[in-house]
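Peer 1: Okay, handing you the structure first.
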Amino acid sequence: MLKEKMQNALNEQINKELYSSYLYLSMSAYAQSMGLQGVANWMKIQAQEELTHANKFFDYIHERNGKVILKAIDAVETEFGNVIDLFKRVLEHEEYVTSLINNLVDISIEVNDHATRSLLMWFVDEQVEEEASVQEIIDNLKMVEGKGQGLFMIDKELSTRVFVDSTQKGK
Ligand code: FEO
């Protein structure tokens, strides 16, 4: 059985993952409005990934015989500046999510919940990958800054991203 403090924190995280999905969907719409189809595709897949993160917590709470409580999702921003600003905002958000995951790990240690701690290790690793992949895109965008051809190529590359349910790996 999940301790109440842990359960509440995990439910809070479901909300944050759903918020993340909503944020990336908003970014996808923004990229569409800028005519960047590849970026829009990348963001939409990012939004899908966040749903799988929410689901992983959702299923886990049930697996531990806990109670899932879904709360209202906050409204998201709709303007993100230029394409570098946009990806910087992604990185900032992922760093925030990393801090939330670290906080959950702290709670799992505090309440002696080794099973939850084990689940959270998957998210710790996932956050490292997420931050690294966004940083790489920012670096590439900076390299071609001001050059339309370069942005065109990066957008083309981002259009090749396909959805993979990473919650299924290492299960
Ligand atoms: Fe669910 Fe992008 O972290």
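Peer 1: Quick check on my filter: what residues within the stretch 125-157 are within 16 Å of the ligand (Cβ to nearest atom), hydrophobic (A, V, I, L, M, F, W, C) and surrounded by 14 or more Cβ atoms within 10 Å (Cβ to Cβ)? Give the derivation first.
Peer 2: Step one: filter the stretch 125-157 for residues within 16 Å of the ligand (Cβ to nearest atom), giving 125-138.
Now narrow it down to the ones that are hydrophobic (A, V, I, L, M, F, W, C): 128, 132, 134, 137-138.
Hits for the stretch 125-157 are Val134, Ile137, Ile138.
Peer 1: Which count do you get for residues in the stretch 130-149 that are under 16 Å from the mean Cα position of the chain (by Cα) and in contact (Cβ under 8 Å) with a residue 24 or more places away in the chain?
Peer 2: The number of residues fulfilling the criteria is 5.
Peer 1: Take the residues in the stretch 1-40 that are within 18 Å of Ser108 (Cα to Cα) and surrounded by fewer than 18 Cβ atoms within 10 Å (Cβ to Cβ); name whichever of them is nearest to the ligand (Cβ to nearest atom).
Peer 2: Glu12
Peer 1: Okay, moving on. Which one is farthest from Met43 (Cα to Cα), of the residues in the stretch 82-124 that are more than 16 Å from the ligand (Cβ to nearest atom) and crowded, with 18+ Cβ neighbours inside 10 Å?
Peer 2: If we filter the stretch 82-124 for residues that are more than 16 Å from the ligand (Cβ to nearest atom), which is where we start, we get 82-85, 106-118.
After this cut, where a residue has to be crowded, with 18+ Cβ neighbours inside 10 Å as well, the list is 83, 107-108, 113, 116-117.
Details: Val83: 12, Ile107: 31, Ser108: 31, Asp113: 34, Thr116: 29, Arg117: 29 Å.
Among those residues, the one meeting the criterion is Asp113.
Peer 1: Which condition does Glu50 not pass, out of (1) touching a residue at least 40 places away in the same chain (Cβ under 8 Å); (2) touching an Asp or Glu at 6+ places or on another chain (Cβ under 7 Å), if it passes all the others?
Peer 2: (1)
Peer 1: Any idea which residue in the stretch 41-65 is farthest from the ligand (Cβ to nearest atom), counting only those that are of a type in the set (S, T, N, Q) and in a helix (DSSP H, G or I)?
Peer 2: Pass one, the stretch 41-65, residues of a type in the set (S, T, N, Q): 41, 46, 48, 52, 55, 65.
Checking which are in a helix (DSSP H, G or I) leaves us with 41, 46, 48, 52, 55.
Details: Asn41: 17, Gln46: 7, Gln48: 11, Thr52: 8, Asn55: 11 Å.
This residue is Asn41.
Each reported figure results from applying straightforward, stated rules to the coordinates on display, with no laboratory input. Since the model is a prediction, treat every value here as computed from it, not as a measurement. Backbone-built Cβ (ideal geometry, glycine too); neighbour counts: all protein chains shown.
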